[in-house]
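The values are calculated or read from the model by the stated rules, or taken from the named source; none is laboratory data. What you are looking at is a predicted structure, and each value in this text was computed from that prediction instead of being measured. No Cβ is skipped: glycine too gets one built from the backbone with ideal geometry, and neighbour counts run over all protein chains shown. Just the protein is used for accessible areas: all its heavy atoms, side chains included, with ligands, DNA and RNA removed. Shrake-Rupley method; radii C 1.70, N 1.55, O 1.52, S 1.80 Å.
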Amino acid sequence: MFEFSKSIIFSEAEFKNNAISLSSLMHAFEEIAVLHANELGIVYKNKVWVILKLKIDFVESLQVGKEYILRTYINDRGKFDCDRYFEILSDNKVYIKAIYNWCLIDIITRKFESLEIINYPVPVRQNKNFLKINKSEFVNLNNKFTFVVKKENLDENFHMNNKVYGKIIENLFQKSFKQVLINFEHEAKLNDEIILNYAIEKEQGLLMSKIKDNICFCSLVSFL
């Protein structure tokens, strides 16, 4: 198991409705993934790591100002994708756990790069870990919102930063989450207009977004 850990303390500004915000978690996961990738030497010229799918489970409530351990690790990989795991712990108790499914993309061709170029000391997975959302469940999305991508929403690869998707989700649903699933289908760039159709049910929220005729991302969340 290839892993990397660091201590982390969340400030009051990173909480929303007395719970850690989704966007703050996604930012923390992104930062430690970058640190780990740099340590492993898997940062390549003209290639970028892109998240395809993710799942975050809110197991226990975090506290403002308390020190936790943020851990990330890799168990196995596919030919074109890799699952990266995250945990936030204290005294060996898991408070938050997540799994991100990543791929490596050539920034010129925009095609997947085989992970066979990476000398991971982990086995090639035998069974794919599916995090794919069943979009047939997305019916009667009777709420609508429009989001225009601005310069401050971009990352260094000039598409919308992952934590901005988290901010959109938490702003639309305005609830405390038990689990969050996101599937990224089409990247969002500067000045793109994202049309978000969503529904809030008793125990879950559903969100489908499009840029013109292309699905941008979809999300299925469950509430506490």
Fill in: Those residues of segment 66-85 which are open to solvent by 40 Å² or more (accessible area, probe 1.4 Å), modelled with pLDDT of 90 or more and touching a Lys or Arg at 6+ places or on another chain (Cβ under 9 Å), in sequence order
Ile69, Arg71, Tyr85
Discussion item. Which residue is nearest to Lys132 (Cα to Cα), if the candidates are limited to segment 31-53 and must be buried (at least 17 other Cβ atoms within 10 Å of the Cβ) and in contact with a helix residue (DSSP H, G or I) (Cβ under 8 Å, 6 or more places away or on another chain)?
Written reply: Ile51
Discussion item. Can you list residue pairs whose Cβ atoms sit under 8 Å apart, with the first residue in segment 27-47 being of a type in the set (A, V, I, L, M) and the second being in a helix (DSSP H, G or I) and exposed (fewer than 14 other Cβ atoms within 10 Å of the Cβ)? Count only pairs 6 or more apart in sequence or on different chains.
Written reply: none
Worksheet item: Quick one: Leu62 ticks every box in (1) open to solvent by 60 Å² or more (accessible area, probe 1.4 Å); (2) under 19 Å from Lys178 (Cβ atoms); (3) not small (Gly, Ala, Ser) bar one, so which box is it?
Response: (1)
Worksheet item: Among (1) more than 15 Å from Glu187 (Cβ to Cβ); (2) at pLDDT 90 or above; (3) assigned to a helix (DSSP H, G or I); (4) open to solvent by less than 90 Å² (accessible area, probe 1.4 Å), which single condition is Tyr165 missing?
Response: (1)
Worksheet item: In the set Glu152, Glu156, Glu185, Glu193, which member is open to solvent by 60 Å² or more (accessible area, probe 1.4 Å) and within 16 Å of the chain's Cα centre (by Cα)?
Response: Glu185
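Could you grab me the full set of residues in segment 5-28 that are assigned to a helix (DSSP H, G or I), surrounded by 16 or more Cβ atoms within 10 Å (Cβ to Cβ) and in contact with a Gly (Cβ under 9 Å, 6 or more places away or on another chain)? Spell out how you get there, then give the answer.
Restricting attention to segment 5-28, the residues satisfying the condition of being assigned to a helix (DSSP H, G or I) are 12-14, 22-28.
From what's left, surrounded by 16 or more Cβ atoms within 10 Å (Cβ to Cβ): 14, 22-28.
Once the filter is applied, which keeps residues that are assigned to a helix (DSSP H, G or I), surrounded by 16 or more Cβ atoms within 10 Å (Cβ to Cβ) and in contact with a Gly (Cβ under 9 Å, 6 or more places away or on another chain), segment 5-28 yields Leu22, Ser23, Ser24, Leu25, Met26, His27.
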Practice prompt. Taking only segment 119-148 into account, find how many residues are in a loop (DSSP other than H, G, I, E, B), surrounded by 11 or more Cβ atoms within 10 Å (Cβ to Cβ) and at pLDDT 90 or above.
Written response: 2
Practice prompt. Return the total of residues in segment 1-46 being modelled with pLDDT under 90 and more than 26 Å from Arg125 (Cα to Cα).
Written response: 5
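Search segment 100-118 for residues being open to solvent by 50 Å² or more (accessible area, probe 1.4 Å) and outside any loop (DSSP other than H, G, I, E, B), and hand back the single one that is modelled with the highest pLDDT. Spell out how you get there, then give the answer.
Step one: filter segment 100-118 for residues open to solvent by 50 Å² or more (accessible area, probe 1.4 Å), giving 107-112, 116-117.
Next, only the ones that are outside any loop (DSSP other than H, G, I, E, B) stay: 112, 116-117.
On the way: Phe112: 83, Glu116: 76, Ile117: 74.
Selected residue: Phe112.
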Worksheet, complete the sentence: When segment 147-191 is checked residue by residue, the ones that are over 15 Å from Ile211 (Cα atoms) and of a type in the set (Ser, Thr, Tyr) are Ser176
